[in-house]
Amino acid sequence: MIQVEGLSKIYRVAEKQPGLAGTLRHFVRRRTRDVTAVQDVSFRIEPGEMVGFLGANGAGKTTTLKMLCGLIHPSAGEVHVAGHRPQRRQAEFLRRITLVMGQKQQLLWDLPPMDSLRVNAAVYGIPDGVAQRRINELADLLELGEELTRPVRKLSLGQRMKAELLAALLHEPEVLFLDEPTLGLDVNAQARVRQFLAQYNRRTGATVLLTSHYMADITALCPRVLLIHQGRLFHDGPLEVLADQLAPEREVRLELESPVEADALAGLGRLEQLEGCDVRLLVPRDQLTAVVAQLLDRFPVRDLDVTDPPIEELIGGLFRQGRV
Amino acid sequence: MGRYWRTLRRFWGTAVAVQLEYQANVLIELLAVAMSLSGSLFLLSLFYGPDQTLGGWSWAQALMVQGLYTVFDGMATTWLRPNLGAIVTHVREGTLDFVLLKPIDSQFWLSLRTLSPAGLPEIGLGLGLLAWGSHQAGVVLTLSSLLTVLVMLLAGGLILYSLWFLIAATSIWFVKTWNATEVLRALLASGRYPLNAYPPALRLLFTLVLPVAFLTTVPAQVLLGEAAAPMLLAGLGLAVLFFAAARAFWLFALRFYTSASS
Amino acid sequence: MRVFGLNRRIIRVLLGSQYAHMLEYRAEIALWALSGVLPFIMLSVWSGSDARSGLGLDGSALDRYFLSAFLVRQFSVVWVVYAFEEDALLGRLSPYLLQPLHPLWRYVAAHLGEQLTRLPFAALIAAVFFAVQPQAFWVPSLGGFLLAWLATWMAFAIAFLFQSLIAALCFWSEKASALERLQFIPFLFLSGLLAPLTAFPPAVRAVAQWTPFPYLIDFPARVLAGQPVDLLAGFGAQLAWIVLLLPLVLLLWRAGVRRYSAMGA
Ligand SMILES: Nc1ncnc2c1ncn2[C@@H]1O[C@H](COP(=O)(O)OP(=O)(O)O)[C@@H](O)[C@H]1O
Ligand SMILES: [Mg+2]
């Protein structure tokens, strides 16, 4: 469905000193600098796959997605999506894809989502009856009801994102590009969006390429992961392999009723921090359940919390350790 | 084609719905239009005393020009400002991406996406003033002169749109173009008066460089039976030329956007 | 020592930072200066018209009047309402209100910084004007220039206070800024920007004298152009408008701030 071969993008940015003199100098002699955002990336994605696109901030995820949907032209390399070359942006191609951006919205701010949906139906040439049926189905899946008839500015962030998804999927695209669709949502809303994407993929067999900051998005949805760092592709494969590599340990935070000695925690993972009643442990994934059970058994636990370290930290750690 | 037509109806349907959200604005707009038009007429009257003309144009004839100007001003309020003004916002907030991903012409979308009914009364008043002025000036309407005026109005609208769109399209490079539009508006104000009221150098400027003459003076001359065929053809030719330029410039700007922008 | 909450240091810092800020927007400000060409368009219509003889501005006097009108307008443009609305929208207003300095001073400094940025562009436009119309060139006497400067600043003060009044009303209603649009229309036609006041029929002129508008453009422009004017009456009227508006603005502003903090917005 998606074939990418040697894809690169070099942004040419103007270098301009601040101030009037700088502007004039820039006008006379343009000085530019090249920023390599994506470098020699190749991969294939088969129809119906759900692929996670991971990388730190500025790694080149958004740039790659934009090249895949034809918004920007590659500096080098070949892209084919659904049998088309995206940068030509033919109507035929645009009808088969969609792009959802977590930090931008297409719905009209002052109007209910329904109005924007009707506009989209006309733009994509979907007959009204068909459009209405799809809206009903999708709204069902997304658990949207009267929200669709309330002005967008009066919706919560989570409701707005769900409506955005509806607007982006109305024309039943076969390829979904999602750029941080869960950005800024609370945990519940994140879970809802995730669950919806999984359902949508199962029902329609659509191909999904998803970037996210939250490891949980990727773990929940994508059996296969692409990891990009400084514009280069570093990993392409099953999530488990990467997860073990990236986060072989999980962090357990404890709040105890009474202080403990460090010795007492020996053998229960690596001790990160011990301050009176507050304890932080790093526990290997495979021992997690056992360790937690022991902890609860042995100590007067007031609160216990297991987290994945943030993705930025993991990837940063990975590169510091020189493992890729 | 049918898809574009259906899309247009949806566009304007939602636009009207947005306006209804803000009813008070409509009243304010009406008041502003009424005040503005009385001010313009007052100002125009200052040029006229007994036996006085403005560049050889009688009071009634000058009213026709004023009426045409009001029509175009209303057109700017109804159509150009809300649509072309939004291009800057699209570029700044990155929502132009959504427009470019729609299977529909992006210039069509950006130029006709919305409509502000608040400017419609102004168009009505302008047409009224034009009719009244024509009547006073003793214009005999014939089917052919009416048709020609209609064509000239369309050509004028196209010229105005193209100029405005050209400026708005530069927002792909310079994000703030609002002030450039203000310069255009200030210069267009020269269309309030017949071309002959200006010194020769300015007449040339307003005919060839910034063709304001074709918006107001020439259509009025058509009604008065004074415009010659070459003038009409020139107006049409310019309209086509300006529109082609706007279209070409947009395609160029898009190429730039897609090869560089974020 | 502080006068109206200001001392030398505050003034220096405020003006310096606002000027630097405005310099960043010089391209926009240049265009904005250029969009003030309306007086020149009106000049070219007036010069060739039959009605010109009734203006009492013969020969180069008309050119000088409209150039002066352009310059006075350039240095009395006010945009407090818009700055205020934006600050309120972006939530910058609350921190300003907490500072021991009246927020209006900040806007005054911003306007002065903007005027300074605009100065070279306005001068350039004037130079182009003289290149096209060399016979209109004149150098006002030092006394005349200083008086015109004073009159322009008084005009700026009136316009600023008037708009601050509208801005203060924004504490009560979002629609208040539409008032600015509405008052701009009589300003445009009655201030002398498009036609010298001598062009008006006597009855209209008599009414206009009782509005602040003629003192915003016509009066300072005439002083600058070296026209014979009743200085005492002109400055008297300007002062009267300032004396009338200032307490109103301060009172309304204080009430507005109280309402704003009461609503906890
Ligand atoms: N329009 C642009 N002009 C210049 N550089 C850009 C532009 N857009 C992105 N970049 C640079 O390209 C790199 C990749 O950015 P991006 O694709 O947005 O990363 P991600 O989405 O993974 O956070 C960054 O270094 C960024 O600064
Ligand atoms: Mg990104």
GNM flexibility winner over chain B from B:Ala244, B:Ala213, B:Ala118 (Cα, springs under 10 Å): B:Ala244
Cβ neighbours within 10 Å from other chains - mean over A:118-126: 6
³J(HN,Hα), Karplus 6.51/-1.76/1.60, whole Hz, each residue of segment A:71-82, x for Gly, Pro: 6, 10, 8, x, 7, 7, x, 10, 10, 10, 10, 6
For segment A:224-284 versus segment C:43-87, the gap between their alpha-carbon centres in whole angstrom: 73
Max mean-square fluctuation residue, GNM over chain A, Cα-Cα springs under 10 Å, options A:Arg302, A:Arg232, A:Arg133: A:Arg302
Sequence-separation-based contact order of segment A:248-307, relative, with Cα cut under 8 Å and 6+ spacing, percent: 49
Euclidean distance of C-alpha centroids, segment B:217-262 and segment B:44-83, integer Å: 22
Cα-based Lys pair tally, the protein assembly as shown, threshold under 15 Å, eight or more apart or on separate chains: 6
MRE, 222 nm, helices only [DSSP H, n ≥ 4, -39500 (n - 2.57), over the protein assembly as shown, to nearest 500]: -18500 deg cm²/dmol
Positive minus negative residues near A:Ser42 (Lys, Arg vs Asp, Glu; Cβ under 10 Å): -3
Cβ-defined net charge surrounding B:Phe206, 15 Å radius [Lys, Arg +1; Asp, Glu -1]: +3
Degrees, to the nearest 10: B:59-75 long Cα axis against longest axis of chain B: 10
Residue-by-residue Karplus 3J(HN,Hα) for segment C:126-131, coefficients 6.51, -1.76, 1.60, Hz, glycine and proline x: 4, 4, 4, 4, 5, 5
Mean separation of Cα contacts under 8 Å (6+ apart) over length of chain B, as relative contact order %: 26
Angle between chain A longest axis and helix A:311-320 axis [Cα atoms, degrees, rounded to 10]: 80
Rounded to 5, the percent of DSSP beta bridges in the protein assembly as shown classed as antiparallel: 70
Fewest-first ranking of C:Tyr96, B:Tyr161, using other Cβ atoms within 10 Å as the exposure measure: C:Tyr96, B:Tyr161
Rounded to 10°, Cα long-axis angle of helix C:38-48 versus longest principal axis of chain C: 20
Sorted by Cβ neighbour density within 10 Å, fewest at the top, the residues B:Asp97, A:Asp286, B:Asp51: B:Asp51, A:Asp286, B:Asp97
Other protein chain Cβ atoms within 10 Å, averaged over every residue that makes up C:199-207: 1
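Read the figures in this text as sums done on the coordinates, not as results from a lab. Not measured: the values here are computed from a predicted model. A quick note on method: Cβ atoms are made from the backbone with ideal geometry, for glycine too, and the neighbour counts reach across all protein chains shown.
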